[in-house]
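The values are calculated or read from the model by the stated rules, or taken from the named source; none is laboratory data. This is a predicted model, so every value here is computed, not measured. Counting neighbours? That spans all protein chains shown, and the Cβs are built from the backbone with ideal geometry, glycine included.
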Amino acid sequence: QQPDPQAGAAVKAADRAHVFHSWSAQGLVDPLAVAGAEGSYFWDYDGNRYLDFSSQLVNTNIGHQHPKVVAAVQEQAARLCTIAPGFAVDVRSEAARLIAERTPGDLDKVFFTNGGAEAVENAVRMARLHTGRTKVLSAYRSYHGATAAAINLTGDPRRWPSDTASAGVVHFWGPYLYRSHFHATTEEQECERALAHLEEVVAFEGPQTVAAIILETIVGTAGILVPPAGYLAGVREICDRYGIVFVLDEVMAGFGRTGEWFAADHWRVTPDLLTFAKGVNSGYVPLGGVAISAEIAATFDRRPYPGGLTYSGHPLACASAVATINAMAEEGIVENAARIGESVLGPGLRELAERHPSVGEVRGLGVFWALELVKDRVTREPLVPYNASGEAAAPMGAFAAACKKAGLWPFVNMNRTHVVPPCTVTEAEAKEGLAALDEALTVADRYTV
Ligand code: PLP
């Protein structure tokens with residue numbers, strides 16, 4: 001596509017006049033006008049092309065404009081654009097079947113939503129009605145969405161301005177060996193102590209008052225925190241011991257991102273409810289949902305489920321999910337994510353860490369990685385303070401600008417950059433991204449002691 005700076009300027013002017021942006025001071029937002037996208041890349045109107053190492057908001061697992069998914073949406077639009085959730089319709093039935101076939105254990109019923117936050121809202125509602133209890137336990141260092149219950153479950157600063165409605169939510173510390181809350185020095189200690197802490201929180205809250213424990217299987221935005229072996233199984237046991245519903249939030253980690261269909265597959269853990277969105281159809285049309293165990297589904301066999309959405313199981317969204325899941329299976333996209341993680345990103349990022357003093361820790365799997373940037377590797381002082389903004393966040397701003405200058409669109413959060421390209425990323429693209437990160441890390445290195 002030919003550069004067209006004038007068209008780009010018009011797009012941006014209309015945006016600034018009328019679009020109210022998420023999470024932003026409206027007077028300060030400066031969005032890039034995007035002209036198009038394909039595969040692992042997107043481009044602007046000025047002739048700049050970016051390797052998308054953010055997968056947008058970690059959702060384009062099959063890359064941009066996958067032809068099979070584009071065609072499926074077009075065909076469905078021509079056939080049946082919309083129909084109320086109360087009807088049975090072929091694409092919705094098929095999407096539910098394909099999802100249920102892949103979710104762990106007996107999670108065989110699917111309630112569709114428009115995205116991740118609504119999935120979390122409904123999972124919490126199901127857990128409360130199923131148990132007759134109200135409290136929900138969630139982790140500090142987590143993100144569950146921006147609607148009422150979901151934002152209050154969230155364990156990072158995005159919650160603070162919306163904290164007023166947090167009745168019934170209690171936060172606990174999950175495992176995070178690099179900055180252990182439990183003074184642990186090994187994964188085994190971290191696991192054991194994090195489980196003891198969680199069980200103590202349950203005991204002190206009153207087990208008979210706790211409806212659910214919700215966890216991101218691998219914590220996403222709050223740091224790509226891969227749980228130690230045994231942690232999720234331990235949480236499962238605690239839930240079983242006290243009759244608590246175990247909810248795994250796989251909105252970000254699900255559908256191939258970690259090199260398995262679901263992150264829970266790495267540890268063979270089955271929750272009672274599993275929330276998904278993003279990768280289910282790469283966000284081509286808004287879609288999310290809750291996969292429900294047989295036991296919880298049975299609660300609503302005779303008793304009506306008191307929840308619904310006009311667009312639950314929207315035909316265009318379901319058609320794109322069917323095409324996405326089939327394309328992922330046919331093209332070995334989940335296997336590609338695993339292979340790229342093991343043979344290119346993992347070794348490549350660890351090699352960068354050896355040469356760049358600003359890299360404190362490399363962690364992740366599949367196409368789900370974080371580089372935690374520090375001022376000082378010995379003290380582990382973060383490159384910018386927790387929740388820094390303005391001048392205090394400048395080192396990360398300089399790092400992000402250097403990435404963009406090198407043609408890479410990064411996913412930066414606090415003192416971390418997440419390496420989260422599409423699951424379709426090729427070896428050559430992954431190497432191109434590593435080279436751009438190498439360049440940008442020299443800028444971060446300037447802020448180290
Ligand atoms: N849960 C997790 C783990 C997420 O990462 C997100 C979004 O980033 C959400 C829930 C919320 O999803 P949505 O933005 O689609 O409402």
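Criterion first (among the charged types (D, E, K, R) and within 21 Å of the chain's Cα centre (by Cα)) does D15 satisfy it?
The answer is no for D15.
Please work out if R350 is in contact (Cβ under 8 Å) with a residue 24 or more places away in the chain and either in the same structural domain as P227 (by TED's automatic domain parsing) or in contact with a strand residue (DSSP E or B) (Cβ under 9 Å, 6 or more places away or on another chain) (or both).
Criteria not met by R350.
(1) more than 21 Å from G360 (Cβ to Cβ); (2) part of a helix (DSSP H, G or I): which one isn't true of Y178, the others all being true?
Unmet condition: (1).
Taking only segment 97-125 into account, find how many residues are among the acidic types (D, E) and away from the ligand (no atom under 15 Å from the Cβ).
Within segment 97-125, the first condition is being among the acidic types (D, E), and the residues that meet it are 101, 106, 108, 118, 121.
Next, only the ones that are away from the ligand (no atom under 15 Å from the Cβ) stay: 101, 106, 108.
Count: 3.
Return the only residue of R128, R133 being more than 16 Å from the ligand (Cβ to nearest atom), of a type in the set (D, E, K, R) and part of a helix (DSSP H, G or I).
R128
Going by what's in this entry, would E260 be described as under 15 Å from the mean Cα position of the chain (by Cα), at negative phi and away from the ligand (no atom under 13 Å from the Cβ)?
yes
Out of A35, A17, A9, which single residue is farther than 21 Å from I325 by Cβ, more than 16 Å from the ligand (Cβ to nearest atom), touching a Gly at 6+ places or on another chain (Cβ under 8 Å) and not assigned by TED's automatic domain parsing to the domain that holds H144? Outline the logic, then answer.
On the way: A17 fails: touching a Gly at 6+ places or on another chain (Cβ under 8 Å); A9 fails: touching a Gly at 6+ places or on another chain (Cβ under 8 Å).
After applying the criteria, what remains is A35.
Could you grab me the full set of residues in segment 295-317 that are over 16 Å from R128 (Cα atoms), part of a helix (DSSP H, G or I) and away from the ligand (no atom under 16 Å from the Cβ)?
The answer is P315, L316.
From I62, I99, grab the single residue that is under 29 Å from G259 (Cα atoms), in contact with a strand residue (DSSP E or B) (Cβ under 6 Å, 6 or more places away or on another chain) and crowded, with 23+ Cβ neighbours inside 10 Å.
Of the residues listed, the single one that is under 29 Å from G259 (Cα atoms), in contact with a strand residue (DSSP E or B) (Cβ under 6 Å, 6 or more places away or on another chain) and crowded, with 23+ Cβ neighbours inside 10 Å is I99.
Looking at (1) surrounded by fewer than 16 Cβ atoms within 10 Å (Cβ to Cβ); (2) more than 22 Å from A319 (Cβ to Cβ), which is the one condition that is false for L80?
(2)
Six or more apart or on different chains, Cβ atoms under 8 Å: show the pairs whose first residue is in segment 275-294 and of a type in the set (S, T, Y) and whose second is part of a loop (DSSP other than H, G, I, E, B) and within 10 Å of the ligand (Cβ to nearest atom).
From segment 275-294, the pairs are T275/E250; T275/V251; S282/N59.
Restricting to segment 142-153, and then to whatever is over 18 Å from P227 (Cα atoms) and under 14 Å from the mean Cα position of the chain (by Cα), can you tell me which residue is surrounded by the most Cβ atoms within 10 Å (Cβ to Cβ)? First the steps, then the outcome.
Just the residues of segment 142-153 that are over 18 Å from P227 (Cα atoms), to begin with: 145-153.
Checking which are under 14 Å from the mean Cα position of the chain (by Cα) leaves us with 145-146, 150.
Values: G145: 23, A146: 16, A150: 27.
Only one residue tops the list, namely A150.
Inside segment 1-120, counting only helices (runs of 4 or more DSSP H) that do not spill past its ends, which hold 3 or more residues that are farther than 28 Å from A435 by Cβ?
5-18, 67-79, 90-102
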